Amino acid sequence: MRRFGTLVAALAVVGCVEATTEKPAEKGSVPPPVPVSAFAATNNSNMQDFLAVVRRMEPVARRECRRKAITAKCNFSILIDNRKGQPANAYQSLDDKGRPVIVFTRALINETRNQDELAFVLGHEVAHHILEHISKTRDSALEGFLVGGLQAAVKGGDAKAIERAEKRSAFIGIRKYSKQYELEADALGTIITARSGYDPLKGAQYFYRIPDPGDKYLGSHPRNSKRLEIVRRTAAKL
């Protein structure tokens with residue numbers, strides 16, 4: 001099972017805007033993300049917009065989490081990756097006590113055009129936690145890992161063949177529901193954004209400016225048009 005722990009290390013985060021394929025950095029080799037409070041005195045208009053969004057949305061996020069989630073913890077830590085050269089991205093993670101952490105890169109904050117876009121991305125990441133997508137993805141990966149290894153062993157595979165089968169099947173497990181989870185987070189994120197006083201339809205316009213992942217087999221994200229459709233349909237019911 002040690003191999004499985006290594007394989008799913010990337011499940012510590014669930015991203016929404018960009019899915020990185022780079023190897024995770026060694027712990028302690030990069031500076032940690034910074035709490036939003038560290039930027040309270042900044043004159044940067046984009047950062048001030050983000051701070052305003054966080055202040056307004058945090059209580060709504062906690063309320064929605066407590067209302068909908070069965071086991072999820074609901075005190076969110078919202079941080080900023082202030083390193084230069086990092087791509088525009090936001091992701092949801094868990095700390096070592098299972099509490100939700102949401103990280104925005106400085107590039108994403110600078111690329112957004114208004115508070116509605118920032119709010120929609122934040123609402124989407126909050127939704128990932130409320131819907132417990134990290135634990136669900138880990139369970140799916142474990143199922144694939146075990147089944148793949150067992151099938152390879154039954155067929156008489158050697159240790160290397162079994163390990164390859166475990167890796168392949170765990171990856172399929174990770175990606176099996178990835179697109180579905182993104183759409184679920186878009187739907188709930190739309191609701192959270194609207195209940196925070198922002199316009200989710202205006203916020204989702206950010207999708208028009210990011211690369212479209214298309215509809216790739218085992219891709220991590222659905223095509224942008226499908227995400228926008230979910231936002232429109234959900235907003236129409238509010």
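From the set of residues in region 122-175 that are of a type in the set (D, E, K, R) and open to solvent by less than 30 Å² (accessible area, probe 1.4 Å), which is modelled with the highest pLDDT?
Residue satisfying both the conditions and the ranking: Glu125.
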Kindly indicate whether any position in region 51-73 is under 21 Å from His128 (Cα atoms), part of a loop (DSSP other than H, G, I, E, B), in contact (Cβ under 8 Å) with a residue 12 or more places away in the chain and not aliphatic (A, V, I, L, M).
yes
Of everything in region 74-85, what is assigned to a loop (DSSP other than H, G, I, E, B) and either open to solvent by less than 10 Å² (accessible area, probe 1.4 Å) or not polar (S, T, N, Q) (or both)? Give them in sequence order.
Cys74, Phe76, Arg83, Lys84, Gly85
Please state which of the following conditions Thr112 fails to meet, knowing it meets all the rest: (1) open to solvent by 20 Å² or more (accessible area, probe 1.4 Å); (2) more than 16 Å from the chain's Cα centre (by Cα).
(1)
Subset of region 50-65 (residues that are farther than 15 Å from Glu125 by Cβ and either open to solvent by less than 50 Å² (accessible area, probe 1.4 Å) or in contact with a strand residue (DSSP E or B) (Cβ under 9 Å, 6 or more places away or on another chain) (or both)):
Leu51, Ala52
Name the single residue that is surrounded by the fewest Cβ atoms within 10 Å (Cβ to Cβ) among those in region 35-49 being of a type in the set (A, V, I, L, M) and modelled with pLDDT under 90.
Ala41
Count of residues meeting criterion [open to solvent by 30 Å² or more (accessible area, probe 1.4 Å) and hydrophobic (A, V, I, L, M, F, W, C)] in region 86-106
1
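The values are calculated or read from the model by the stated rules, or taken from the named source; none is laboratory data. Computed from a predicted structure; not experimentally measured. Reconstructed Cβ throughout: ideal geometry from the backbone, glycine too, with neighbour counts over all protein chains shown. Calculation scope for accessible area: heavy atoms of the full protein, side chains included, ligands and nucleic acids excluded. Shrake-Rupley method; radii C 1.70, N 1.55, O 1.52, S 1.80 Å.
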